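**Student:** One structure, as structure tokens, below. Some questions next.
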């Protein structure tokens, strides 16, 4: 990723729900990708004979935040079937890759979720008031690790 003065827009990205092979990895266009994060846990430690009167912070385990994907209902059941399989004991951890593109549709960076699994599926809110909103679904994912790379 070349360094530039203006930040990239958040509207040009592609989600691959991994391990299905080829273009089938893409389960429709998503409107939102949120929650990508990682937190390192620290332990406090101090030797009894330390000269300084404070604790040291020692890094130990880390936790990857849950990620949420949102898209309009398009009749594609792969997201729902993935969580259905998981709840029925057919675990299918996948490598999920979210790639950000610049205005010329050149890939600039990517987030990779390793061993991602569906945690929650949320169906659309339907209302008969004729507001013109899009029927949306959400998929919440857990992952063992997240990596970020510039391309």
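**Student:** Pick from the range 115-147 the residues that are under 11 Å from the mean Cα position of the chain (by Cα) and closer than 15 Å to residue 15 by Cβ: which of them is surrounded by the fewest Cβ atoms within 10 Å (Cβ to Cβ)?
**Tutor:** Among those residues, the one meeting the criterion is 140.
**Student:** Quick test of your reading of the structure: residue 88 fulfils all but one of (1) under 30 Å from residue 4 (Cβ atoms); (2) modelled with pLDDT of 95 or more; (3) out of contact with any strand residue (DSSP E or B) (no Cβ under 7 Å at 6 or more places or on another chain). Name the failing condition by number.
**Tutor:** Residue 88 satisfies every listed condition except (1).
**Student:** Now for a different question. Can you tell me which residue in the range 1-20 is modelled with the lowest pLDDT, limited to those that are surrounded by fewer than 16 Cβ atoms within 10 Å (Cβ to Cβ) and under 19 Å from the mean Cα position of the chain (by Cα)?
**Tutor:** Of all residues in the range 1-20, those surrounded by fewer than 16 Cβ atoms within 10 Å (Cβ to Cβ) come to 1-11, 19-20.
With under 19 Å from the mean Cα position of the chain (by Cα) added as a condition, the list becomes 8-11, 19-20.
Values: 8: 93, 9: 94, 10: 93, 11: 92, 19: 62, 20: 54.
Of everything passing the filter in the range 1-20, 20 is modelled with the lowest pLDDT.
**Student:** Among the residues of the range 91-145, which ones are on the phi > 0 side of the Ramachandran plot and modelled with pLDDT of 95 or more?
**Tutor:** Residue satisfying the conditions is 115 alone.
**Student:** I need the strands (runs of 3 or more DSSP E) fully contained in the range 39-151, keeping only those with at least 2 residues that are in contact with a helix residue (DSSP H, G or I) (Cβ under 7 Å, 6 or more places away or on another chain) and in contact (Cβ under 8 Å) with a residue 60 or more places away in the chain.
**Tutor:** Because the criterion is at least 2 residues that are in contact with a helix residue (DSSP H, G or I) (Cβ under 7 Å, 6 or more places away or on another chain) and in contact (Cβ under 8 Å) with a residue 60 or more places away in the chain, the strands (runs of 3 or more DSSP E) in the range 39-151 that meet it are 136-142.
**Student:** OK, next. Working only within the range 58-74, note down all residues that are farther than 30 Å from residue 134 by Cβ and more than 17 Å from the chain's Cα centre (by Cα).
**Tutor:** Scanning the range 58-74 gives 58, 59, 60, 61.
**Student:** Kindly indicate which of 92, 65 is closer than 30 Å to residue 44 by Cα and surrounded by fewer than 16 Cβ atoms within 10 Å (Cβ to Cβ).
**Tutor:** After applying the criteria, what remains is 65.
The values are calculated or read from the model by the stated rules, or taken from the named source; none is laboratory data. What you are looking at is a predicted structure, and each value in this text was computed from that prediction instead of being measured. In this analysis, Cβ positions are derived from the backbone assuming ideal geometry, glycine residues included, and neighbour counts consider all displayed protein chains.
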